[in-house]
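Below: the structure, in structure tokens.
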Amino acid sequence: MNVIVVNNYDRMSEEVAKLVRGQITEKPDSVLGLPTGGTPVGVYGLLVEMGKRGLDFSRVTTFNLDEYVGLAGDHPQSYRYYMQTNLFSGVNIKAANTFVPNGVASDLDAECEAYEKRIKQAGGIDLQLLGIGTNAHIGFNEPGAEFGTMTRVVDLTESTIEANSRFFASRAEVPTKAISMGMKSIMQAKNIILLANGGGKAEAIRAAVLGPVTVDVPASVLQLHPSVTVVVDQAAASKL
Ligand code: PGA
């Protein structure tokens, strides 16, 4: 793992946005794997600015890591909505090239299977961006998720529901299930960037980077991947 420690959130966002720009410049038809959450908002803002200055997304394809079960794409807390707002509406990406699991599909298992197929058909993910949960989850692969898992329906843990309740009017409104790319789907990406900021992520980052590789710390699986860059601010790196 290549660990890059930067001063603060803005530097983290700049570093990651530059790496994404490098990927798209080198391979204009890149396939990107994308996260949601608070952490990558700055990265997406910078990519929109880069798009205005000419970075071309017209041949880029994206696959999001996850989506809440039960939320349609026009629900303000759905991840489809988040992506439209934070990135897709601001760059020249083709709508047909943006994939987010459909959390209201009538057959969720078929949706998961089709999602994996679409990733394969696109040629696999060139660059996967990842956030990390305070419990070290990646995507919605919570502690205990087997390394062989592919895209599937998962139950969210209490700590994740609690962490995400800040975006909802009440805790009762937070979905308890999601569709998530699996541990193996993530590990099949050619290159991976894990980004984190703030002291709340310090323990998860320590366990992921320095701890044993174990299903109890989902992000620790990344130690087994040949091309991972971890971009963290000083607070998130404080236990390294
Ligand atoms: P956050 O979420 O960016 O909102 O902290 C990260 C995650 O849960 O993967």
Filtering segment 132-162 down to residues that are out of contact with any helix residue (DSSP H, G or I) (no Cβ under 9 Å at 6 or more places or on another chain) and open to solvent by 20 Å² or more (accessible area, probe 1.4 Å) yields Asp155, Thr157, Glu158, Ser159
If you take the residues in segment 132-181 that are part of a helix (DSSP H, G or I) and among the acidic types (Asp, Glu), which one is nearest to the ligand (Cβ to nearest atom)? Glu162
Quickly run through segment 128-187 and pick out the residues that are over 22 Å from Ser220 (Cα atoms), of a type in the set (Lys, Arg) and in contact (Cβ under 8 Å) with a residue 24 or more places away in the chain. Lys177
Check off (1) surrounded by fewer than 24 Cβ atoms within 10 Å (Cβ to Cβ); (2) away from the ligand (no atom under 14 Å from the Cβ); (3) within 17 Å of Leu127 (Cα to Cα) for Ile192 and give me the number that stays unchecked. (2)
Please indicate, with yes or no, whether at least one residue in segment 67-80 is open to solvent by less than 60 Å² (accessible area, probe 1.4 Å), on the phi > 0 side of the Ramachandran plot and in contact with a Pro (Cβ under 7 Å, 6 or more places away or on another chain). yes
Just wondering, is there one or more residues in segment 75-89 that are within 16 Å of the ligand (Cβ to nearest atom), modelled with pLDDT of 95 or more, of a type in the set (A, V, I, L, M) and closer than 25 Å to Ser220 by Cα? no
Residues in segment 33-64 that are open to solvent by 30 Å² or more (accessible area, probe 1.4 Å), among the aliphatic types (A, V, I, L, M) and within 14 Å of the ligand (Cβ to nearest atom): how many? 1
When segment 105-130 is checked residue by residue, the ones that are crowded, with 19+ Cβ neighbours inside 10 Å and in contact with a Lys or Arg (Cβ under 9 Å, 6 or more places away or on another chain) are Cys112, Ile125, Asp126, Leu127, Gln128
Return the residues of segment 197-230 that are among the small types (Gly, Ala, Ser) and not in a helix (DSSP H, G or I); say none if nothing qualifies. Gly198, Gly211, Ser227
In this structure, does Thr25 turn out to be within 15 Å of the ligand (Cβ to nearest atom), over 15 Å from Val231 (Cα atoms) and not acidic (Asp, Glu)? no
Within segment 14-32, can you find the residues that are crowded, with 21+ Cβ neighbours inside 10 Å and without any contact (Cβ under 8 Å) to a residue 40 or more places away in the chain? Ala17, Ile24
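The values are calculated or read from the model by the stated rules, or taken from the named source; none is laboratory data. The shown structure was predicted, so the numbers you read here are calculated from the model rather than taken from an experiment. No Cβ is skipped: glycine too gets one built from the backbone with ideal geometry, and neighbour counts run over all protein chains shown. Heavy atoms of the whole protein, side chains included, go into the accessibility calculation; ligands, DNA and RNA do not. Shrake-Rupley method; radii C 1.70, N 1.55, O 1.52, S 1.80 Å.
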